[in-house]
Each structure stands twice: as C-alpha cells, then as structure tokens.
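The values are calculated or read from the model by the stated rules, or taken from the named source; none is laboratory data. Nothing here was measured: the structure is a model prediction, and the numbers come from that model. Ideal geometry is used to build each Cβ from the backbone, glycine not excepted, and the neighbour counts take in all protein chains shown. These area figures cover heavy atoms from the full protein model, side chains too; ligands, DNA and RNA do not enter into them. Shrake-Rupley method; radii C 1.70, N 1.55, O 1.52, S 1.80 Å.
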Amino acid sequence: MCVLGPSGRMGRAVLDAALGRSDVEIAAAVDRSDAHGIGAPVAAGVVAATDIATGLAASDVYIDFTSPAGTRAVAEAAARYRRAAVIGTTGLGAADQAVLDQLARVAPIVVAGNFSLGVNLLLGLVHQAARALGPEWDAEVVETHHRAKRDAPSGTALMIAHAVAAGRGVDYDRVKRHTRDGDIGPRAPGEIGVSSIRGGDVIGEHTAYFFGGAERLEISHRATSRAIFAVGALRAATWAVGQPPGRYDMLDVLGLSRGAVSPPVGVNTSGQ
Ligand code: NAD
C-alpha cells in the first residue's frame, strides 16, 4: 500500500500499525514537497517521497489522511490508475466529494469520517435512541479535539448528528445548529446542536446528549490512541482490494447492519 502524509499524525500511526504485519506491505509513502520527513526512511526499503504517480503505480491501494486539497489531488491521479483507496480526511467539501465519486466509478474506495469500531457502533446506538425518544428530547453533540485540528465540527460529530436526524426521519440541514452567539432566543424545537472544543492533545471525544424533561441520556466515545483509526484503516485497505468499484464506508467493512446511518461521511460545509 501507499501511505500518504507519512510526516503527519495519522500517516505515522498507519505506518506504525503496518509494522510487523505479514498481510500488508508498505510499497510507498508520499507527502507534500514541504513536509519535514521527505527522504527519511519510513518502512523497510521505503523513504518518504513526493511523486504520487510512482507511489500509486507501486501499490494496490492507498491510505489518505491528509487535507481536503491533498485528498482531491491524489484522487484525481488515482482515477487514472484505477487505484483502490481508503480515505479518512475530514472537512471535505462538495467539490472534493465529487472527485471521490469519480474515483469510485473506477475503483473501490472506503470513505469514513471515523475508522474506529466503537464510533461506528455508537452511530447505530444514537440512531436507535433518536428514533425511540423523538424530537421532544433535545439532541446535542459535543466533540473535543487537539489544538491542531483544522476543521470543525469534526467529521465524526457530523456523522453522529446525521444519525440523530436519520433516527427522527428529518432532513439534517433544516434542523442543524452549529453556532450559538448573541441574543439568539430560546432553543428551537427539534434543533440538533453541534459544538466543538479544541485544546491540548485530545485525540477525539464525542458525546451525543439527549435531554428529556427530568432525565438525560449521554452516549460517549473516547479515543485514547490514533492506533484505533490506523488499525481500522488497514482493515479497510485489505478489505477494499478485490471489491468491485464503488463507494463504501466502515459499516460495509465491519459488516455492521445498514439502515442506521446514512450521513455524508466527512462532509464539512463550515470550512476550515
Ligand atoms: P497532520 O496535519 O498531522 O498530517 C497531514 C499530513 O498530510 C502531513 O504529513 C501533510 O504534509 C500531508 N499532506 C497534506 N497535503 C498533502 C498532499 N497534497 N499530498 C500528500 N500529503 C499531503 O494531520 P492528521 O492529524 O494526521 O489528520 C489528517 C486528516 O485525517 C485530518 O483531516 C483529520 O481530521 C483526519 N482524521 C481522520 C480520522 C478518521 O478516523 N477518519 C482520524 C484522525 C484524523
């Protein structure tokens, strides 16, 4: 496989997770020309390089945790090679998603705003809770991430908020509330709020709150190591190779039942 962004937090975690595994081989690692690790060894016989065409040609599948611009540029190149892809970059806009859809016409791609088993299970639980409790219970999603994270809300928070909307059978874009500031009046009935906290080195924490009259349900997930995303991404990569062209998510990879969630994974319309 070809790992993008070996100098980055997730690229490094993917390389670490692949170490010592007999079912995956790192064939290439590609980063931006201004990345600090260019030329440095990242795996047996592999140094971080800048030429994406060579990296794609040498591999069956690439793993992408970079930036929306990086994801778009590499997906355009990958379509020419019909290369399978695992894409975890968040903050993708509509134009980025359209490029991924083009790639999915010619290759199997797995796109997920979160590659952990726990979060993908949480999505189903949230959907179930939202359906059972209805819009009378105020739903809020709160996410916390490290200070270097660029996009907000997190891709995972958006997936959770979409799961609430799907459970209620409502259009998320009509009920979402991503910011509150100033004299905005009381909370609107049926609103789904998403709030972001940034600080320190927090890898990722998400809580879905359901506020009833005199009771409150909280469903939380806390990631304490990036290894969970990396292991999930490697599982997605080995699963993707050999699948027919198409766009898949972690529910497909994990064999979890569908119908619980149908969010636009990784979409972030609020910008960087
Ligand atoms: P980071 O800034 O530490 O690393 C990004 C890496 O991508 C850097 O090495 C950078 O040089 C490289 N890069 C940027 N543009 C590139 C390009 N055009 N070609 C090749 N390489 C390029 O960021 P991070 O913390 O590793 O996160 C990366 C992305 O992954 C973010 O969008 C983050 O939200 C997302 N993420 C997703 C999951 C998930 O489970 N889906 C989990 C963690 C992080």
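Taken over region 102-156, the residue count meeting the criterion of being under 18 Å from residue 175 (Cα atoms) and touching a Leu at 6+ places or on another chain (Cβ under 7 Å) is 1. Restricted to region 91-103, and to residues there that are open to solvent by 10 Å² or more (accessible area, probe 1.4 Å) and touching a strand residue (DSSP E or B) at 6+ places or on another chain (Cβ under 8 Å), the residue that is farthest from the ligand (Cβ to nearest atom) is 101. Within this structure, residue 16 fails the test of being away from the ligand (no atom under 12 Å from the Cβ) and more than 23 Å from the chain's Cα centre (by Cα). Could you list, in sequence order, the residues of region 66-85 that are of a type in the set (A, V, I, L, M, F, W, C), touching a strand residue (DSSP E or B) at 6+ places or on another chain (Cβ under 7 Å) and within 8 Å of the ligand (Cβ to nearest atom)? Answer for region 66-85, where residues must be of a type in the set (A, V, I, L, M, F, W, C), touching a strand residue (DSSP E or B) at 6+ places or on another chain (Cβ under 7 Å) and within 8 Å of the ligand (Cβ to nearest atom): just 74. Restricting region 188-217 to residues that are part of a strand (DSSP E or B) and within 16 Å of the ligand (Cβ to nearest atom) leaves a set whose member that is nearest to residue 140 (Cα to Cα) is 194. In region 74-155, counting only strands (runs of 3 or more DSSP E) that sit wholly within it, the ones holding 2 or more residues that are touching a residue at least 12 places away in the same chain (Cβ under 8 Å) and over 24 Å from residue 227 (Cα atoms) span 138-145. Please enumerate the residues belonging to region 104-144 that are aliphatic (A, V, I, L, M), open to solvent by 50 Å² or more (accessible area, probe 1.4 Å) and within 14 Å of residue 164 (Cβ to Cβ). Within region 104-144, 125, 132 qualify.
Only one of the numbered conditions (1) open to solvent by less than 50 Å² (accessible area, probe 1.4 Å); (2) charged (D, E, K, R); (3) more than 17 Å from residue 194 (Cα to Cα) is violated by residue 147, and that is (1). If you go through region 218-234 and keep only what is open to solvent by 70 Å² or more (accessible area, probe 1.4 Å) and either within 12 Å of the ligand (Cβ to nearest atom) or among the aliphatic types (A, V, I, L, M) (or both), you end up with just 231.
Taking region 12-39, which residues are part of a helix (DSSP H, G or I) and open to solvent by less than 20 Å² (accessible area, probe 1.4 Å)? Passing the criteria: 13, 14, 15, 18.
Residue check: residue 182 meets all listed conditions (1) open to solvent by 20 Å² or more (accessible area, probe 1.4 Å); (2) in contact with a Phe, Trp or Tyr (Cβ under 7 Å, 6 or more places away or on another chain) but one, namely (2).
In this structure, residue 59 qualifies as away from the ligand (no atom under 12 Å from the Cβ), touching a residue at least 12 places away in the same chain (Cβ under 8 Å) and among the hydroxyl-bearing types (Ser, Thr, Tyr). Which number in (1) in contact with a helix residue (DSSP H, G or I) (Cβ under 8 Å, 6 or more places away or on another chain); (2) open to solvent by less than 10 Å² (accessible area, probe 1.4 Å) marks the one condition that residue 83 misses? Status for residue 83: all satisfied but (2).
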